[in-house]
Amino acid sequence: MKFISTRGQTPALGFSDAVATGLAPDGGLYLPESLPAISSADLARWEKLGYADLCFEFMRIFATDIPVEELRAIVAKSYTRFSHPEIAPLRRLDARTHVLELFHGPTLAFKDFALQLLGNLYERQCRVRRESINVLGATSGDTGAAAIHGLLGKPGTGIFILFPDGRVSPLQERQMACTGVDNVFALAVDGTFDDAQAALKEVFGDQAFRTGHRLSAVNSINLARVLPQCVYYLYAWLRLPASERGNVEFVVPTGNFGNVCAGWLLQQMGVPIAGFKVATNQNDILHRLFTTGEYRVGDVHPSLAPSMDIQVSSNFERFLYYSLGCNQARVREVMQTFKATGGYTFENFDRGSFSSSRCTDGEIQGIIGRVYREHGYVVDPHTACGFKELNPDRISVVLATAHPAKFPDAIRAATGVESTHPALEALKSLPIVKYRIKATPTAIRTFIDQHAV
Ligand SMILES: *Cc1c(COP(=O)(O)O)cnc(C)c1O
């Protein structure tokens, strides 16, 4: 299978090359040349598979350039570090509501589902090409931790993650800085996340430096971030009683539109999912889009659900491509207008099977308390956004994107419960190894020159 750019001005690539490239050279995002169709016979055949086997069956449709048995082994290995036997357990709260727990991976957030696999794909790439790779990224929390744990100790890889010093949660910092592994560099930047991001952009813009160190970006636009995320929707759908499957709405706490985009792609491939609810926090660009048809950036306001504090949803372009009838010239036009004016208004916007909601910090607190009282179940602040207003006419599957123990203060304030997790407790006694650096391209380049593999 080949992968094309949403902007159509660069050649199509095979799976491994599209993954290694990340952002397409024309500024677009990679997508399958045409979406495969998943039939009811496929669904019947997959019904009894465990998580890793299902993931393999799904990924082999796309990763056709990796020998089948090698792919099977890579996928199997990617889900060995999850602490729950079901990997993504579906838990029923009441007759109309399920929670899909996506927080049993090594960093206790859903990003592990893609980044564990991406780490193993990078490792294979290094082996096949006999080259090392240096992965570079900036994080406001969960992505950095999940990326680090995807590449932990992998031969031929170095990983450099910039984070704003003092502005990620202490537990998130420990997940990045207490690994004790020498291919990991947690870089505490003196400045904000935006400062780190801007400096990083310049480093990536330096072509000679970029190719010299074989730099690769970990960010949510990579094809290998999206496709593995389709699998837990499929897994959950197959675990629902047959009587509920046709009426299910997945409720997805989102910021970058990455997670919900994966579910939506699966629906486009033919899996009969009734709808999706895009659940935002107070940073509500997506909620505004789905209610008004206007896609416009606003200022980012830090919230209790920090991994959704985003105002430009980078994966939105994938949805846009299909919404515009796969017309790449139109995608370029819309993205150009958006870049130049900070917004785009769609005429006759068709929201399809999407609905949306927005949740303030006050509402998040209230919801954590209410869900705990009603169901004896503790949700983290991101997941709480999903519970804003469930559709009474549908069966809701709310995606639980992080373990509550990652946010003990918010949980304590809302419920009085001390939320803990052994993986996080273990981190508390380990030494923190972080490197303080200035948020300048020069400082970053110097550090990489000294430490790259
Ligand atoms: C990253 C993250 C999100 C948002 O993910 P999207 O890809 O933007 O949908 C939500 N919750 C948690 C806990 C996250 O780490």
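Here are a few things to note about the model shown:
- Flag if ASN256 is within 14 Å of the ligand (Cβ to nearest atom), modelled with pLDDT under 95, open to solvent by 10 Å² or more (accessible area, probe 1.4 Å) and farther than 23 Å from ALA452 by Cβ: yes
- Of all residues in the stretch 135-151, those that are open to solvent by 10 Å² or more (accessible area, probe 1.4 Å) and modelled with pLDDT of 95 or more total 1.
- Helices (runs of 4 or more DSSP H) wholly inside the stretch 179-282 that include at least 1 residues being of a type in the set (Val, Ile, Thr): 193-205, 207-212, 223-239, 258-268
- Hits in the stretch 14-30 (condition: open to solvent by 40 Å² or more (accessible area, probe 1.4 Å) and either at pLDDT 95 or above or farther than 26 Å from PHE338 by Cα (or both)): ASP17
- Set PHE204, PHE209: member being at pLDDT 90 or above, farther than 25 Å from ALA384 by Cβ and surrounded by fewer than 23 Cβ atoms within 10 Å (Cβ to Cβ): PHE209
- Residues (open to solvent by 50 Å² or more (accessible area, probe 1.4 Å), acidic (Asp, Glu) and modelled with pLDDT under 90) located in the stretch 274-313: ASP299
- Against the test of being free of Cβ contacts under 8 Å to residues at least 12 places away in the same chain and on the phi > 0 side of the Ramachandran plot, the options GLY342, GLY376 yield a single qualifying residue, GLY376.
- Pairs linking a residue in the stretch 208-237 that is among the polar types (S, T, N, Q) to a residue that is part of a helix (DSSP H, G or I) and open to solvent by 20 Å² or more (accessible area, probe 1.4 Å), with Cβ atoms under 8 Å and 6 or more positions apart or on different chains, are SER216/ALA20; ASN219/THR143; SER220/THR143.
Conditions tested, residue by residue: (1) farther than 30 Å from GLY293 by Cβ; (2) surrounded by 18 or more Cβ atoms within 10 Å (Cβ to Cβ); (3) under 23 Å from the mean Cα position of the chain (by Cα).
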residue	(1), (2), (3)
CYS359	no, yes, yes
VAL378	yes, yes, yes
ILE395	no, yes, no
LYS406	yes, yes, yes
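- Some residue of the stretch 154-168 being among the hydroxyl-bearing types (Ser, Thr, Tyr) and assigned to a loop (DSSP other than H, G, I, E, B): no
- Residue within the stretch 155-164 that is under 27 Å from LEU304 (Cβ atoms) and open to solvent by 10 Å² or more (accessible area, probe 1.4 Å) present: no
- If you check GLU33, GLU47, GLU86 for being within 16 Å of VAL226 (Cα to Cα), open to solvent by 30 Å² or more (accessible area, probe 1.4 Å) and at pLDDT 95 or above, only one passes: GLU33.
- Subset of the stretch 22-56 [more than 14 Å from LEU266 (Cα to Cα) and part of a helix (DSSP H, G or I)]: ALA41, ALA44, ARG45, TRP46, TYR51, ALA52, ASP53, PHE56
- A Cβ distance below 7 Å, combined with a sequence gap of six or more or placement on separate chains, defines the contacts here; from the stretch 80-91, residues that are farther than 16 Å from THR401 by Cβ reach residues that are surrounded by 14 or more Cβ atoms within 10 Å (Cβ to Cβ) in the pairs ARG81/GLY105; ARG81/PRO106; ARG81/GLN116; SER83/HIS104; GLU86/TYR51.
- Test: residue in the stretch 114-130 that is closer than 30 Å to GLU374 by Cα and surrounded by fewer than 24 Cβ atoms within 10 Å (Cβ to Cβ): no
- Total residues in the stretch 299-332, condition more than 12 Å from the ligand (Cβ to nearest atom), in contact with a helix residue (DSSP H, G or I) (Cβ under 7 Å, 6 or more places away or on another chain) and part of a loop (DSSP other than H, G, I, E, B): 1
- Scanning the stretch 109-131 for residues being assigned to a loop (DSSP other than H, G, I, E, B) and either within 16 Å of the ligand (Cβ to nearest atom) or closer than 16 Å to ALA217 by Cβ (or both) gives a total of 2.
The values are calculated or read from the model by the stated rules, or taken from the named source; none is laboratory data. Since the model is a prediction, treat every value here as computed from it, not as a measurement. In this analysis, Cβ positions are derived from the backbone assuming ideal geometry, glycine residues included, and neighbour counts consider all displayed protein chains. All accessible areas refer to the heavy atoms of the entire protein, side chains included, with ligands and DNA or RNA removed. Shrake-Rupley method; radii C 1.70, N 1.55, O 1.52, S 1.80 Å.
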